Amino acid sequence: MTYPNTYLIEHPLIQHKLTLMREKQTASASFRHLLREISLLLGYEITRDLEVVEKTIETPLENMQAPELSGKKLCFISILRAGNGLLDGLLDLVPSARVGYVGLYRDADTLEAIEYYKKLPKHIHNRPVIVVDPMLATGHSAIAAIDIIKSSGANRIKFLCLLASPEGIKNFNEAHPDVPIFTAAIDRELNDHGYILPGLGDAGDRLFGTR
Ligand code: URA
């Protein structure tokens, strides 16, 4: 099955670490550490098209034209709270990135996303923006977060997750066909409570040891 505008990043190291994360006996500290490691590998892929320009530098032996990142600074936006599990590794990779947060919770009955917090960097128009949340389940939170981020002026957005459901991808693509999805796996389905199957459980609870 292929999904429009969706990139599956299937590196063996990512798959191995994801398997460890899925196992229910994996403790929070290991879960967090594994997600941080995976975020470095996902971050490497999703930043592949960052612009570079050549500048003249001096090595100990001679001058050369060497590439450096150019253009507007990258912006990472974490969907609270589980997004922070991906954010930390991405910031190791691109320490100069700008950072924003969107806080959303799921209404237990309707599964709709309700905003409770927003802090975005200024001037995100034309800045490459990567929105992160480990789980693309119903897609409601990601869709709502990107609605909010677009209304702040962002127009170059990618969405990064760890696990996606087919339903979430479909809903997301319908709402934001211009925003590519990058994910490490696409699982079978959602259950009646909006959890991904087989999945890994509640990413926020497993990251932060709440439950
Ligand atoms: N959020 C999670 O943390 N896990 C799921 O399976 C779905 C949404």
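The values are calculated or read from the model by the stated rules, or taken from the named source; none is laboratory data. Here the structure is a predicted model, which means the values were calculated and not measured. Methodologically, a virtual Cβ is constructed for each residue, glycine included, from the backbone with ideal geometry; neighbour enumeration extends over all protein chains shown. Accessible surface is based on the protein model in full, side chains and every heavy atom, while ligands, DNA and RNA are left aside. Shrake-Rupley method; radii C 1.70, N 1.55, O 1.52, S 1.80 Å.
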Inset, instruction - Would you please list the contacts, defined by Cβ atoms under 8 Å and residues six or more apart or on different chains, that run from a residue in segment 191-210 that is closer than 17 Å to GLY83 by Cβ and among the acidic types (Asp, Glu) to a residue that is near the ligand (Cβ under 8 Å from one of its atoms) and open to solvent by 40 Å² or more (accessible area, probe 1.4 Å)? - result: ASP202/TYR195
Legend entry - Candidates LEU13, LEU20, LEU61, filtered to the one that is among the hydrophobic types (A, V, I, L, M, F, W, C), without any contact (Cβ under 8 Å) to a residue 60 or more places away in the chain and in a loop (DSSP other than H, G, I, E, B): LEU61
Legend entry - Filter result (open to solvent by 20 Å² or more (accessible area, probe 1.4 Å) and within 16 Å of the ligand (Cβ to nearest atom)) within segment 111-132: LEU111, GLU112, ALA113, ILE114
Inset, instruction - Go through segment 155-184 residue by residue and tally those that are open to solvent by less than 50 Å² (accessible area, probe 1.4 Å), in a loop (DSSP other than H, G, I, E, B) and of a type in the set (S, T, N, Q). - result: 1
Legend entry - Any chance GLY139 is more than 20 Å from LEU90 (Cβ to Cβ), within 15 Å of the chain's Cα centre (by Cα) and either near the ligand (Cβ under 10 Å from one of its atoms) or without any contact (Cβ under 8 Å) to a residue 40 or more places away in the chain (or both): yes
Legend entry - Residues of segment 113-134 satisfying the condition of being of a type in the set (A, V, I, L, M), closer than 13 Å to GLY100 by Cα and in a strand (DSSP E or B): VAL129, ILE130, VAL131, VAL132
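A quick yes/no check of all residues on (1) under 25 Å from ASN5 (Cα atoms); (2) under 14 Å from the mean Cα position of the chain (by Cα); (3) surrounded by 11 or more Cβ atoms within 10 Å (Cβ to Cβ); (4) of a type in the set (A, V, I, L, M, F, W, C):
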site: LEU20; (1), (2), (3), (4): no, no, yes, yes
site: THR56; (1), (2), (3), (4): no, no, no, no
site: GLU62; (1), (2), (3), (4): no, no, no, no
site: ASN84; (1), (2), (3), (4): yes, yes, yes, no
site: GLY89; (1), (2), (3), (4): yes, yes, yes, no
Legend entry - Lone qualifier among ASP187, ASP205 - being acidic (Asp, Glu) and open to solvent by 20 Å² or more (accessible area, probe 1.4 Å): ASP205
